[in-house]
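S.K.: Dropping the structure in here first, questions after.
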Amino acid sequence: MWTLYFQVFGVTFLLLGIFLLGLYLFRRLRRISPSRGGEIRVREVRPLDFKHRLVLVQVRDSLLLLGISEKGITPLKEWRDESA
């Protein structure tokens with residue numbers, strides 16, 4: 001009878017471990033950018049709270065400050081490099 005309980009707990013912990021490993025790998029692989037040589041780069045991200053953050057994005061010769069919330073993306077400021 002006790003062996004059955006140990007088997008059930010063992011399988012449960014094994015499945016939990018596989019789930020946590022999959023979650024870790026998913027979050028880690030999601031951070032990898034697919035286009036390394038593109039013209040859009042995220043320069044910096046600053047979280048304001050759990051649902052809002054500021055993102056500084058470089059697009060060719062422009063810098064964009066974006067506000068990101070659950071309602072959408074709002075452009076806040078744009079700087080252009082006039083020398084380019």
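Rule-based calculations on the coordinates, nothing more; no lab input. Every value quoted in this text rests on a predicted model; they were computed, and no experiment measured them. Please note: Cβ atoms are built from the backbone with ideal geometry, for glycine as well, and neighbour counts cover all protein chains shown.
S.K.: How much length is gained if the chain between Arg43 and Arg60 is pulled fully straight, taking 0.36 nm per residue apart and subtracting their Cα-Cα distance, in nm to one decimal?
M.R.: Going from the current span to full extension adds 4.9 nm.
S.K.: Answer with one residue from Phe50, Ser69, Met1: the one whose Cα lies farthest towards the positive end of the charge dipole of the chain, charges on Cβ with Lys, Arg +1 and Asp, Glu -1.
M.R.: Farthest towards the positive pole: Met1.
S.K.: Can you give the charge dipole size of the chain about its Cα centre, rounded to the nearest 20 debye, using +1 on the beta carbon of Lys and Arg and -1 on the beta carbon of Asp and Glu?
M.R.: 140 debye
S.K.: Taking the Cβ-Cβ separation of Asp81 and Phe19 as r and a Förster radius of 35 Å, what is the calculated FRET efficiency to the nearest 0.05?
M.R.: E between Asp81 and Phe19, to the nearest 0.05, is 0.15.
S.K.: Rounded to whole Hz and in sequence order, give me ³J(HN,Hα) for the stretch 13-19 from the Karplus expression 6.51 cos²θ - 1.76 cosθ + 1.60, θ = phi - 60°, writing x for Gly and Pro.
M.R.: 5, 5, 5, 5, x, 5, 4
S.K.: Calculate the dipole size of the stretch 36-84 relative to its Cα centre from +1 charges on Lys and Arg beta carbons and -1 charges on Asp and Glu beta carbons; express the result in debye to the nearest 20.
M.R.: The dipole magnitude comes to about 200 debye.
S.K.: A further question on this structure: Against the 2.2 N^0.38 Å scaling, with N counting residues, where does the chain land? I'd like the Cα-based Rg ratio to two decimal places.
M.R.: Ratio of Rg to 2.2 N^0.38 Å for the chain: 1.86.
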